[in-house]
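The values are calculated or read from the model by the stated rules, or taken from the named source; none is laboratory data. Being a predicted model, the structure only gives us computed values, none of them experimental. We place every Cβ from the backbone using ideal geometry, glycine too, and count neighbours over all the protein chains shown. Calculation scope for accessible area: heavy atoms of the full protein, side chains included, ligands and nucleic acids excluded. Shrake-Rupley method; radii C 1.70, N 1.55, O 1.52, S 1.80 Å.
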2 protein chains.
Amino acid sequence: MQDGGTTGGGENLLFLTDEQLRKGIEAMFFAYRGFTADPDRILAEHGYGRAHHRALHFINRVPGTTVSNLLDILGVTKQSLNRVLRTLVEDGLVDSRVGARDRRERQLTLTEPGRVLERALSEAQRARMRAAYRAAGPQAVAGFRQVLEAMMDEGQRRAFSGLREGG
Amino acid sequence: MQDGGTTGGGENLLFLTDEQLRKGIEAMFFAYRGFTADPDRILAEHGYGRAHHRALHFINRVPGTTVSNLLDILGVTKQSLNRVLRTLVEDGLVDSRVGARDRRERQLTLTEPGRVLERALSEAQRARMRAAYRAAGPQAVAGFRQVLEAMMDEGQRRAFSGLREGG
DNA sequence: CTTGGAAAGTCAACAAGGCTGCCATAAAAT
DNA sequence: ATTTTATGGCAGCCTTGTTGACTTTCCAAG
């Protein structure tokens, strides 16, 4: 059992006060800005936005994935994704080919230039994350991950965990 | 480079592998969606967006704050904020009055209807956060906060910490 | 007092990326 | 063969980010 305080037989629930929750909320807000700041700079140089980053990231993670699958993961609508995918394909960063089994589907993979940009973006983001992890230490990181997972919606958690098996 | 193993007298650095960092990055992405999902639903009922939520939140936190101060906290441009503020003032949720000392400034406060909506939004968000905190436990929460603070930009961290003293 | 610069805030115009809704094509079911 | 269902593309709208020009106010130098 996680305890925390040293009250008689009960847990110390000070970490659940509205004040503590508010601090957590604001920390989440400010941290997310830091989290996206470095990739955003690189993207801006290429005339892309965060939506492009997300597409590149998950196509890299699940090569050969379909538009539908990507829609499920990203939780946006078709047009939002489609606009982004179209520019990435036009610019030669993503390869879109008609599905092997089902010809309605498109199978998406990164081209070599696509991989290059993806690596630049993810390395920038990892550097920030690595610095934060190192500063906070392994135990803090474990807690960080626990809270984040508990904060997800059910469907999101499944998308998150399900990312192990390829598309 | 990435070590991980249990080398001689060194710490265990497995939590700094690219794989662990990637999981943290994806967890951050999915968790942030959960984090905003509940307020988003309430906002949509009122025809507002996240930008309105942020404005209401920080005006509530720092009553009498100015537009400039809010710009510093939120890190957006004047027009982005101004558009949102204008609708909130028109709708009677925010009171904007000429500054007492400096008449160029506007002092912003929530009206009673503004406070009602702010409470609804923040209670929805706190409920999610409370559930996550409870599920993860106090030690995890401490780690969560440490990693988030380490992830912020310097300026953001100052805005975050500086929110103690009023505007 | 006047003038000139800096600061606060408003607004116009544009771009990115959310959204819904409609359509074409391919597959599956009847 | 025909109807239904699924994938994905496209048109058009809205929020919210951007830059840049403008007004009002303050303050400091002359």
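Assorted remarks:
- Partner shielding of A:11-22 amounts to 5, given as the average count of beta-carbon atoms from other chains within 10 Å of each residue beta-carbon.
- Per residue of peptide B:120-132, the mean number of Cβ atoms on other chains within 10 Å of the residue Cβ is 4.
- Distances between equivalent label points of B:Ala100 across the copies, with each point positioned 7 Å along Cα→Cβ, amount to 7.3 nm, shortest listed first.
- Over all directions, the projected convex hull of the C-alpha atoms in the protein assembly as shown averages 21.4 nm² in area.
- Accessible surface, the stretch B:62-122, averaged per residue in Å² (probe 1.4 Å): 59 Å²
- Among the protein heavy atoms, those of A:Arg97 account for about 140 Å² of accessible surface (1.4 Å probe, every chain in place).
- Accessible area buried at the A-B interface, both sides summed, 1.4 Å probe (Å², nearest 100): 6200 Å²
- Within 10 Å of the Cβ of each residue in A:33-44, the mean number of Cβ atoms contributed by other protein chains is 3.
- Across q = 0.22 Å⁻¹, the stretch B:25-161 modelled as identical point scatterers on its alpha-carbon atoms has Debye log10 I(q)/I(0) values of -1.43, in the order of the q list.
- For A:Lys23, the lysines whose Cα falls under 26 Å of its own Cα, not counting residues fewer than eight places away in the same chain, are B:Lys23, B:Lys78.
- Neighbour net charge for A:Gln107 - beta-carbon separation under 14 angstrom, K R +1, D E -1: +2
- In this structure, B:Ala131 and A:Ser68 have a Cβ-Cβ separation that, at R0 = 30 Å, corresponds to a calculated FRET efficiency of about 0.45.
- Value of relative contact order over chain B, rounded to a whole percent, pairs C-alpha under 8 Å and six or more apart: 22 percent
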